[in-house]
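Contents: one structure, followed by commentary.
The values are calculated or read from the model by the stated rules, or taken from the named source; none is laboratory data. Only a predicted model underlies this, so the values are computations on that prediction, with no experimental measurement involved. Please note: Cβ atoms are built from the backbone with ideal geometry, for glycine as well, and neighbour counts cover all protein chains shown.
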């Protein structure tokens with residue numbers, strides 16, 4: 001049913017595009033006969049062009065993982081309050097982007113900063129192609145601004161890292177050996193007096209991951225405090241673990257492809273990808289050189305220009 005739904009979406013997209021193209025052609029004929037204004041022709045062109053760009057963008061997302069939801073983890077860098085504030089600004093940016101694109105967003109784990117902002121947050125963005133659109137956000141984001149936390153009004157540089165991994169669903173099979181993980185429970189943090197703080201509803205899963213190639217073992221730690229139900233938190237923590245294991249397998253596959261396609265430009269995971277310079281009114285992506293002066297818009301979730309530029313340049317490099 002999911003496959004049928006996906007094919008139907010392409011048929012609907014084509015039908016809608018054809019209708020808009022026909023309407024544009026008709027409005028141009030009407031304009032020559034002076035039945036419509038030039039502004040109405042421009043509006044018809046704008047609608048058709050936006051739909052075409054939307055379909056082009058979706059066409060870049062052909063990998064199995066692209067159609068899945070996304071787990072976004074944001075960690076503040078060194079620098080205390082300043083970088084923690086920056087991490088919370090990035091969290092808001094992605095929340096607004098998800099809201100404007102009608103994705104369901106839930107926060108599964110949040111650790112607040114000592115004075116302001118956040119130290120780390122894990123968010124789940126659920127909906128079609130969420131990972132495909134957000135995978136290019138993976139890396140280090142740099143902020144340059146006159147800090148409100150600095151009495152001398154100095155220009156400060158802050159860093160925060162964003163990790164994007166696919167949110168696996170039931171159609172993806174991941175084997176997890178019960179002997180390789182253990183559970184802990186703890187009281188969730190936050191405002192006192194609520195039930196969530198009185199009972200040990202927070203869960204922590206420790207998983208011993210063994211690299212199938214090297215044989216090396218390392219611990220994967222997942223915490224979940226989203227729900228007041230320990231059972232719900234356990235289920236979601238297990239889902240996040242499956243997502244992380246799937247991502248490890250995916251990155252291994254990408255690394256193998258990169259060796260074969262050594263001539264192609266490599267996508268560096270975890271490198272500095274974008275700078276947000278507030279006083280110069282500039283946000284620039286260092287991989288694509290796409291930039292905008294609409295800093296306020298970007299921080300309000302308008303990052304589609306960066307997403308499109310990244311996919312148009314790099315999407316074909318991860319084709320299997």
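Among 34, 25, which is outside any helix (DSSP H, G or I) and not assigned by TED's automatic domain parsing to the domain that holds residue 140?
Among 34, 25, only 34 is outside any helix (DSSP H, G or I) and not assigned by TED's automatic domain parsing to the domain that holds residue 140.
Condition check ((1) surrounded by 14 or more Cβ atoms within 10 Å (Cβ to Cβ); (2) modelled with pLDDT of 90 or more; (3) not in a helix (DSSP H, G or I)) across all residues:
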| position | (1), (2), (3) |
| --- | --- |
| 226 | yes, no, yes |
| 239 | yes, no, no |
| 263 | no, no, yes |
| 267 | yes, no, yes |
| 273 | yes, yes, yes |
| 307 | yes, yes, no |
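Filter region 93-132 for residues that are under 24 Å from residue 205 (Cα atoms) and assigned to a loop (DSSP other than H, G, I, E, B) and give the result.
Within region 93-132, 113 is the sole residue that qualifies.
On the given criteria, is residue 110 on the phi < 0 side of the Ramachandran plot and surrounded by 13 or more Cβ atoms within 10 Å (Cβ to Cβ)?
So residue 110 passes the test.
Among the residues of region 147-159, how many are over 13 Å from residue 89 (Cβ atoms) and within 27 Å of the chain's Cα centre (by Cα)?
2
With the structure loaded, tell me whether residue 57 is in contact with a helix residue (DSSP H, G or I) (Cβ under 7 Å, 6 or more places away or on another chain), crowded, with 18+ Cβ neighbours inside 10 Å, in contact (Cβ under 8 Å) with a residue 40 or more places away in the chain and farther than 30 Å from residue 223 by Cβ or whether it fails that test.
Details: in contact with a helix residue (DSSP H, G or I) (Cβ under 7 Å, 6 or more places away or on another chain): yes; crowded, with 18+ Cβ neighbours inside 10 Å: yes; in contact (Cβ under 8 Å) with a residue 40 or more places away in the chain: yes; farther than 30 Å from residue 223 by Cβ: yes.
Yes; evaluated as a whole, the condition is true for this residue.
Can you pull out every residue in region 60-92 that is within 25 Å of residue 3 (Cβ to Cβ) and either in a strand (DSSP E or B) or over 12 Å from the mean Cα position of the chain (by Cα) (or both)?
60, 61, 62, 63, 64, 65, 67, 69, 70, 71
If the requirement is being at pLDDT 85 or above, in the same structural domain as residue 100 (by TED's automatic domain parsing) and in contact with a strand residue (DSSP E or B) (Cβ under 8 Å, 6 or more places away or on another chain), which of these qualifies: 284, 302?
Values: 302 fails: in contact with a strand residue (DSSP E or B) (Cβ under 8 Å, 6 or more places away or on another chain).
Every option except 284 fails the conditions.
Exactly one condition in (1) at pLDDT below 85; (2) farther than 21 Å from residue 98 by Cβ is false for residue 37; which is it?
Looking at each condition in turn, residue 37 falls short on (1).
Hey, can you tell me all the residues within region 61-93 that are closer than 22 Å to residue 132 by Cα, surrounded by 15 or more Cβ atoms within 10 Å (Cβ to Cβ) and out of contact with any strand residue (DSSP E or B) (no Cβ under 6 Å at 6 or more places or on another chain)?
Once the filter is applied, which keeps residues that are closer than 22 Å to residue 132 by Cα, surrounded by 15 or more Cβ atoms within 10 Å (Cβ to Cβ) and out of contact with any strand residue (DSSP E or B) (no Cβ under 6 Å at 6 or more places or on another chain), region 61-93 yields 61, 63, 66, 67, 93.
In region 169-211, what residues are farther than 30 Å from residue 130 by Cβ and either within 28 Å of the chain's Cα centre (by Cα) or at pLDDT 75 or above (or both)?
179, 182, 187, 200
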